[in-house]
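Structure first, then comments.
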């Protein structure tokens with residue numbers, strides 16, 4: 001379930017497509033004296049681009065610096081890769097002793113455990129106990145790892161094993177070799193926190209893009225809603241469809257950036273924590289949800305559950321929709337999902 005992304009990808013390209021596609025609605029006059037400002041940074045191992053609507057350059061740039069600074073703070077606090085982070089301290093003390101953490105880290109870990117329970121373990125931050133078995137280098141591999149090694153790694157996985165003490169704000173991994181990684185939800189959490197900071201700076205509209213995890217609210221400078229493109233995994237930098245939204249997260253996960261192949265089978269970077277093997281059956285999952293943190297976790301839940309069970313799971317949730325692209329290039333959508341297709345794109349099907 002590792003969601004760390006190390007390069008600018010198709011999903012980052014979505015922001016450019018979004019801005020280019022932001023045509024005003026028919027007969028709608030631009031909002032006077034409002035302008036769009038954009039700023040980018042490399043955070044959480046990924047490319048973040050924030051766009052806000054503000055009255056002037058000074059207000060826009062100050063807000064952008066503050067919003068990106070909030071993501072940087074969270075990255076240092078909870079990164080799997082930062083040697084000083086609270087997550088790394090928890091992992092170092094696995095099987096040794098509980099670790100006192102900030103209320104913020106404690107609460108986020110608690111929320112991931114609730115998602116684990118809701119998804120019957122499809123989302124599990126202890127997946128990191130197994131991730132050293134794989135190298136997602138886009139190269140052909142002769143075979144999957146030894147099954148005995150995979151079984152051994154799965155024995156260390158289990159969200160139920162995490163010991164949380166609300167009185168002392170301590171987190172304890174009871175077995176040596178256990179590790180947690182919040183990457184499956186951290187970008188979404190960072191965007192949610194950044195939005196709160198931008199609210200404090202008086203920003204009424206914007207689009208935040210964390211390597212394809214997108215949250216937008218309010219209106220563009222011309223008064224129109226935001227248009228977010230959904231890419232085609234077969235054709236990098238191309239677009240199959242788009243959605244017009246506001247106050248909504250549009251979060252995409254795919255197996256076409258970090259993967260390896262064995263024979264003709266592509267194995268993407270999202271691990272099934274129940275088996276220890278990479279999830280198969282889906283090439284791309286896009287979630288629409290008002291809560292960007294939740295959306296960031298749900299796309300991995302669907303990947304792990306697979307096309308049929310994943311779609312049924314999303315259809316059981318209120319206020320959440322999705323579109324999926326399967327390994328055999330079928331496009332599926334949830335009951336409430338409406339996509340706008342570019343010329344030549346095939347319509348979605350609903351099983």
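A short reminder: the numbers here are calculations on the coordinates, not readings from a lab. Computed from a predicted model, the values in this text were never measured in an experiment. Using ideal geometry, Cβ is built from the backbone for each residue, glycine included, and neighbour counts are taken over all protein chains shown.
Quick notes on this one:
- Cα convex hull, the stretch 71-123: 100 Å³ per residue, rounded to a whole number.
- Taking the C-alpha atoms only, the angle from helix 292-305 to the longest principal axis of the chain is near 50 degrees.
- Diffusion coefficient, µm² s⁻¹, Stokes-Einstein with Kirkwood Rh over alpha-carbon pairs of the stretch 102-230 at 25 °C and 0.890 mPa s: 138 µm²/s
- Spacing of the modelled spin labels on residue 61 and residue 316, each 7 Å from Cα toward Cβ, amounts to 5.1 nm.
- If you model the chain as an ellipsoid using its alpha carbon gyration tensor, with each semi-axis the square root of five times an eigenvalue, the axes come out at 33, 26, 17 Å, biggest first.
- Average projection, convex hull of the Cα set of the stretch 45-90: 3.5 square nanometres.
- Rounded to whole Å, sorted largest first: equivalent-ellipsoid semi-axes of the stretch 248-351, Cα gyration tensor: 21, 17, 12
- In degrees, nearest ten, helix 183-200 long axis to first principal axis of the chain (Cα): 40 degrees
- When you restrict to C-alpha pairs under 8 Å that are six or more residues apart and normalise by the size of the stretch 262-351, the relative contact order lands at 23 percent.
- Modelled this way, with points 7 Å down the Cα-to-C-beta line, the labels at residue 102 and residue 204 are 3.2 nm from one another.
- Neighbour-count ranking [beta-carbon atoms within 10 angstrom, fewest first] of 270, 203: 203, 270
- Label-to-label distance, residue 93 versus residue 146, with points set 7 angstrom from Cα along the beta-carbon direction: 3.4 nm.
- Cα long-axis angle, helix 103-118 against the chain (0 to 90 degrees, to the nearest 10): 80 degrees
- Where a label projected 7 Å from the Cα of residue 330 along Cα→Cβ would reach, residues of the stretch 297-317 with amide N under 15 Å: 306-312
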